[in-house]
Amino acid sequence: MSAFDLGSIAANLRASKMLGCFEGCEADVTKSLAIIDSMTPKERSRPEIVRSSRRDRIARGSGTSRAEVDQLMKQVCAAKTLLNRFDRSR
């Protein structure tokens, strides 16, 4: 399992949500969790494999739009890039 795994991100989001850390943006967190929960375990562990047809399926399964899935995947890609830069700078 990689250090950057959507399953672990979902677990952290759930824990933070229970603590009330997302006051005012709970709807966004709920959508993100629905999107992640609609992915297969393989997609959660390797988000780079999520391409067009998979994104359509995830959007249907999560009750969100394709644009919302695209936005989350873009955020995941940006976060992964930042983490990789941080690791290299050590």
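Evaluated against (1) exposed (fewer than 13 other Cβ atoms within 10 Å of the Cβ); (2) of a type in the set (A, V, I, L, M, F, W, C); (3) touching a Lys or Arg at 6+ places or on another chain (Cβ under 9 Å), Ala59 falls short on exactly one condition, (1). Flag: Ile36 matches the condition of being at pLDDT 95 or above, of a type outside the set (Ser, Thr, Tyr) and either closer than 30 Å to Asp87 by Cα or part of a loop (DSSP other than H, G, I, E, B) (or both). Scanning the range 26-45 for residues that are of a type in the set (A, V, I, L, M, F, W, C) and either surrounded by 13 or more Cβ atoms within 10 Å (Cβ to Cβ) or in contact (Cβ under 8 Å) with a residue 24 or more places away in the chain (or both) returns Val29, Leu33, Ala34, Ile35, Ile36, Met39.
Can you pull out the residues in the range 1-15 that are in a loop (DSSP other than H, G, I, E, B) and of a type outside the set (D, E, K, R)? Met1, Ser2, Ala3, Phe4, listed by residue number. Hey, any hits in the range 76-89 for a residue that's under 15 Å from Ile9 (Cβ atoms), assigned to a loop (DSSP other than H, G, I, E, B) and out of contact with any Cys (no Cβ under 8 Å at 6 or more places or on another chain)? Looking for residues that are under 15 Å from Ile9 (Cβ atoms), assigned to a loop (DSSP other than H, G, I, E, B) and out of contact with any Cys (no Cβ under 8 Å at 6 or more places or on another chain), one finds none in the range 76-89, hence no. Here Glu48 meets each of (1) free of Cβ contacts under 8 Å to residues at least 40 places away in the same chain; (2) crowded, with 17+ Cβ neighbours inside 10 Å with one exception, condition (2).
Taking the criterion of being assigned to a loop (DSSP other than H, G, I, E, B) and among the acidic types (Asp, Glu), would at least one residue in the range 16-25 satisfy it? Break it down stepwise before answering.
First, pick out the residues of the range 16-25 that are assigned to a loop (DSSP other than H, G, I, E, B): 19-25.
Of the ones still in play, those that are also among the acidic types (Asp, Glu) are 23.
Checked the range 16-25: at least one residue is assigned to a loop (DSSP other than H, G, I, E, B) and among the acidic types (Asp, Glu).
For Glu68, state whether it is acidic (Asp, Glu), surrounded by 15 or more Cβ atoms within 10 Å (Cβ to Cβ) and either modelled with pLDDT of 90 or more or assigned to a helix (DSSP H, G or I) (or both). So Glu68 passes the test. On the stretch given as the range 39-65, residues that are under 10 Å from the mean Cα position of the chain (by Cα), assigned to a helix (DSSP H, G or I) and modelled with pLDDT of 95 or more total 0.
The values are calculated or read from the model by the stated rules, or taken from the named source; none is laboratory data. Just so we're clear, the structure is a prediction, and the values are computed from it rather than from any experiment. Cβ sites come from the backbone with ideal geometry, for glycine too, and all protein chains shown count toward neighbours.
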